[in-house]
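To start, the structure itself, in structure tokens.
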Amino acid sequence: MLSLDPPDHTRLRKLVSRGFLYKFIQSLEPRIQVIVDGCFDKVGREPGFDVIDCLAKPLPVIVIAEMMGLPDSDHKQFETWSEVIIDRTGTSDPAIHKAADQASRSLIQYFQRIIESKRGNPDDDLIGQLILAEEGGDKLSSYELYSTCMLLLIAGHETTTRLIGNGLVSLLQRPGLAEKLRANPGAIPNAIEEMLRFEPPVQSTERFAKQDMEFHGHQFRRGDRIILSIAAANRDPEANEVPEEFDPFRENIRQVSFGYGIHLCLGASLARLEAKIAFESLIQRFPEMSLADKEPAWGTNPFFRGLDRLPVNLRDR
Ligand code: HEM
């Protein structure tokens, strides 16, 4: 879907969008809260925990796997495959590309098996809806079915994991902000927009020029690959005043972290909802939470910005 133009993109997006209707996504709130509480229940009392390992990674995987109707026992395997697959972006190291190709093949074979087992009696989940669309005519080819499942699984969690980690580090690095949000939890959705703006999980996207063109004095030839920096756009002083400042109470936040135009992220409402519940719970449940390492190490992938570990010290209420 990501790399298609209309009319194929329009057809595929319309089919998949049915599973992401705003009202349906909002109805997932109670279940997402249960998952978040379950993540915290596994956390030991003292002295702290790694937010990436205990919450930011498992939460989005559990949510998207449940939406797709995939078994709980496979969650760890999804994390491993998708980490290997996205490691490919931003490196030309042949060993990493080979491992990513192998992981992609394994994931496609996995979906082939799942889809075959669901055929004939598809459940009312995302994969079931896509199977019905595929069987209902030539609207969806088998290749589109497998690649859409892969996209949803990978896009559905790698990014939200980073939003939770990047947002929490931005918040905890600045004394007093978490307390202000705890006193005013209604501002959490706005704070999440600022987290998205300030440390976008997806740093850039790409397009290919369809014809020779000029843009702001730059010449492009047909077929040129153009890298568009989301991170730079979010810190454009013409879009937001004092863009280098992280301010969860900033008004009229302008950010393009979910992209722009026809490929605007299909999972934006889901990501926002998961992040809202995660931050509400973190802030209320652990009022004295602080970073164990004030400057945690960022991953090196130039396209996906995130932390491999985010240890915090805390005291439970
Ligand atoms: C914080 C979390 C997320 C971020 C920052 C994010 C970011 C993005 C961006 C930047 C794009 C557009 C890429 C482009 O134009 O080249 C995109 C597209 C997409 N995202 Fe997300 N995403 C997030 C969460 C999700 C989730 C939770 C799902 C699904 C469960 C999802 C599914 C998709 C899909 C299917 C597309 C392709 C849409 C199309 O091509 O029409 N994303 N996302």
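A compact table of results
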quantity	calculated
About the Cα centre, charge dipole magnitude for segment 149-260 (Lys/Arg +1, Asp/Glu -1 at Cβ), debye	340 debye
Bins of 5 Å from zero: percent of alpha-carbon pairs in segment 162-288	2, 10, 18, 20, 17, 12, 8, 6, 4, 3, 1, 0
Length-normalised contact order of segment 205-245 in % [C-alpha pairs under 8 Å, at least 6 apart]	33 percent
Projected area averaged over orientations for segment 264-317, convex hull of C-alpha atoms, nm²	4.9 nm²
Likely footprinting exposure, Met195, Met289, fewest C-beta neighbours within 10 Å first	Met289, Met195
Reduced Cα scattering model of segment 1-103, Debye log10 I(q)/I(0), q = 0.12, 0.14 Å⁻¹	-0.62, -0.82
Restraint check, Lys42/Lys276; Lys139/Lys210; Lys76/Lys180, Cα-Cα greater than 32 Å	Lys76/Lys180
Positive-end residue, segment 141-290 charge dipole about Cα centroid, Cβ charges, pick of Gly261, Leu172, Thr148	Thr148
15 Å beta-carbon shell around Glu206, net charge (K/R +1, D/E -1)	+2
For segment 154-216, projected area of the alpha-carbon convex hull averaged over all directions, nm²	6.8 nm²
The chain: translational diffusion in µm²/s, Stokes-Einstein, Kirkwood Rh over Cα pairs, 25 °C, 0.890 mPa s	117 µm²/s
Amide hydrogen neighbours beyond the local backbone of Gly299, cut-off 5 Å, H modeled	Gly306, Leu307, Asp308
Cα-centre dipole for the chain with unit charges at Cβ (Lys and Arg positive, Asp and Glu negative), debye to 20	280 debye
Surface/4 of the Cα convex hull for segment 226-317, nm²	8.0 nm²
Cα centroid separation - segment 85-138 against segment 208-226, whole Å	33 Å
Listed residues Glu214, Glu116, Glu193, most fluctuating in the chain (Gaussian network, C-alpha, under 10 Å)	Glu214
Whole-number percent relative contact order across the chain, with pairs defined as alpha carbons under 8 Å at least 6 apart	24 percent
Estimated vicinal HN-Hα couplings, Hz - segment 158-165 in sequence order (Karplus 6.51, -1.76, 1.60; Gly, Pro = x)	4, 7, 5, 3, 5, 4, 5, x
Residues Ser170, Ser117, Ser257, sorted so that the one with the fewest Cβ neighbours within 10 Å comes first	Ser117, Ser170, Ser257
Estimated [θ] at 222 nm from DSSP helical runs (n ≥ 4, -39500 (n - 2.57)) normalised by residues in the chain, nearest 500	-16000 deg cm²/dmol
HN-Hα J in Hz across segment 288-298 - Karplus 6.51, -1.76, 1.60, θ = phi - 60°, x for Gly and Pro	9, 5, 9, 6, 6, 10, 5, 10, x, 7, 7
Relative exposure of Asp236, Asp87, judged by other C-beta atoms within 10 Å (fewest first)	Asp236, Asp87
Total formal charge among the other residues, if their Cβ is under 12 angstrom from that of Arg119, Lys/Arg +1 and Asp/Glu -1	-2
Rounded D (µm²/s) - segment 51-122, Kirkwood Rh over Cα pairs, Stokes-Einstein at 4 °C, 1.567 mPa s	96 µm²/s
Relative contact order (%) - segment 1-157, alpha-carbon pairs under 8 angstrom, separation at least six	25 percent
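FYI, it's all coordinate maths here, none of it is from the lab. Just so it is clear, the structure is predicted and the values come from calculations on it, not from any experiment. Cβ atoms come from the backbone with ideal geometry, glycine included; neighbour counts cover every protein chain shown.
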